[in-house]
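Structure first, then comments.
Read-outs throughout are calculated quantities, based only on the coordinates presented, and are distinct from any laboratory measurement. What you see is a predicted model, and the numbers here were worked out from it, not measured in a lab. Positions of Cβ are backbone-derived with ideal geometry, glycine not excepted, and every protein chain shown enters the neighbour counts.
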Amino acid sequence: MNSESSAIATEGLSKAFGARKALDKVSFELPRGASLAIFGHNGAGKTTLLRVLATLLRPSGGVVRVLGLDLKEEPEKIRARIGMVSHRSMLYLDLTAEENLLTTARLYGVSDAAARVAELLAAVELTARSHDVVRGFSRGMTQRLAIARALICDPELLFLDEPYTGLDPHAIDILDGLLSSLLASSYMTRTLVMVSHDVDRGRQFATHVLTLDKGRIASFGEV
């Protein structure tokens with residue numbers, strides 16, 4: 001397992017919830033700068049795998065290294081270098097869009113936080129709503145702000161769990177443009193991992209595809 005040159009390296013990764021095995025001896029390596037699409041039927045273990053890799057769940061067994069760091073030993077160091085967009089927005093609903101991003105920027109110690117926040121609000125086309133409370137946002141607007149939040153620290157590794165769910169066509173276009181721009185501007189340096197039920201949309205940015213079936217790898221390889 002050449003974990004130093006890999007963005008992600010797992011060996012025998014398992015995760016159990018009681019007697020149920022959500023992940024069963026999952027082993028793969030993803031090079032830095034790659035874009036991975038994870039597919040599988042409902043209950044295949046896609047989101048569980050993503051949450052383990054993003055340090056949100058502890059594995060039950062096996063070895064996991066993310067950006068060269070041991071997930072069990074150094075989860076805090078990993079969290080400082082990754083971004084995550086999940087089903088939950090992880091936003092403060094009673095704060096404004098700007099306040100949400102400023103809070104996150106300060107948490108990560110982002111230099112010139114105000115400028116970074118303004119840049120990301122413009123990128124997700126929410127500048128005009130920057131002083132509005134998030135509770136009043138549509139699903140599409142909330143997801144766009146959640147993406148901006150995930151990018152606030154310019155992460156080396158970005159996790160996306162069904163990011164297109166509930167988005168209107170305009171929000172989908174914005175997300176597509178953001179992902180294209182991110183990958184083009186950080187060729188071979190930023191790694192992207194996306195869980196998607198939509199094979200065509202998931203593959204459009206993918207360099208690698210991993211398919212899970214009942215917690216095990218059914219296939220893995222380059223596109």
Of the residues in region 78-114 that are without any contact (Cβ under 8 Å) to a residue 24 or more places away in the chain and crowded, with 16+ Cβ neighbours inside 10 Å, the one that is farthest from Pro163 (Cα to Cα) is Ala113
Exactly one of Leu13, Leu57 is within 17 Å of the chain's Cα centre (by Cα) and either buried (at least 20 other Cβ atoms within 10 Å of the Cβ) or not acidic (Asp, Glu) (or both), and that residue is Leu57
Checklist entry - Has region 163-173 got at least one residue that is in a helix (DSSP H, G or I), under 17 Å from the mean Cα position of the chain (by Cα) and either free of Cβ contacts under 8 Å to residues at least 12 places away in the same chain or surrounded by 13 or more Cβ atoms within 10 Å (Cβ to Cβ) (or both)? => result yes
Answer yes or no as to whether Phe159 is in contact with a Leu (Cβ under 6 Å, 6 or more places away or on another chain) and among the aromatic types (Phe, Trp, Tyr). yes
When region 130-155 is checked residue by residue, the ones that are of a type outside the set (Ser, Thr, Tyr) and surrounded by fewer than 19 Cβ atoms within 10 Å (Cβ to Cβ) are His131, Asp132, Val133, Arg135, Gly136, Arg139, Gly140, Asp154
Looking across region 175-223 at residues that are acidic (Asp, Glu) and more than 24 Å from Asp154 (Cβ to Cβ), the single one that is surrounded by the fewest Cβ atoms within 10 Å (Cβ to Cβ) is Asp200
Say whether the condition of being part of a helix (DSSP H, G or I) and within 23 Å of Leu179 (Cβ to Cβ) is met by at least one residue in region 39-46. yes
Pairs returned, first residue in region 38-52 that is farther than 18 Å from Leu71 by Cβ, second residue that is surrounded by fewer than 20 Cβ atoms within 10 Å (Cβ to Cβ) and not aliphatic (A, V, I, L, M), beta-carbon separation under 6 angstrom, 6 or more apart or interchain, are Phe39/Thr211; Gly40/Thr211; Ala44/Asp213
